[in-house]
1. Scan segment 111-122 and tell me whether some residue there is modelled with pLDDT of 85 or more, surrounded by 13 or more Cβ atoms within 10 Å (Cβ to Cβ), touching a strand residue (DSSP E or B) at 6+ places or on another chain (Cβ under 8 Å) and closer than 18 Å to residue 56 by Cβ.
């Protein structure tokens, strides 16, 4: 018979942990660990995507702020498609400028465009080619600028 050295009492025959119980506990622990570790690549991909979209958003905002601060007759604000010659790494930016005529005294005809417009609608598209993640990512924002 076995005795507990601290209390001096006899231990029951089933005291302790058997090898099969230990193996089952290790198997359950391993399954939980593998389940959590399988999420690591997924979370890394989401982090990479979020980083790319943050870069795209910041670049589009930068271009929008520069265009909004420009003079009305700046060549970058002439009607048509323009490309960003600077570029930042894997990001390419283009913007399309359309002039609209907004007459306060009459209703605005839908889609009326012309050289005498007093409103410029600027669609800025930034594209990440390659990037840190998989595939192509792009973002488009639209800003409007009234005549000075």
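1. yes
For every residue, the table says whether it meets (1) at pLDDT below 90; (2) assigned to a helix (DSSP H, G or I); (3) surrounded by 10 or more Cβ atoms within 10 Å (Cβ to Cβ); (4) out of contact with any helix residue (DSSP H, G or I) (no Cβ under 9 Å at 6 or more places or on another chain).
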position: 1; (1), (2), (3), (4): yes, no, no, yes
position: 14; (1), (2), (3), (4): yes, no, no, yes
position: 25; (1), (2), (3), (4): no, yes, yes, yes
position: 52; (1), (2), (3), (4): yes, yes, yes, yes
position: 73; (1), (2), (3), (4): yes, no, no, yes
position: 94; (1), (2), (3), (4): no, no, yes, yes
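The values are calculated or read from the model by the stated rules, or taken from the named source; none is laboratory data. Model, not experiment: these values are computed from the prediction. Because the Cβ atoms are built from the backbone with ideal geometry, glycine has one as well, and the counts that use them run over all protein chains shown.
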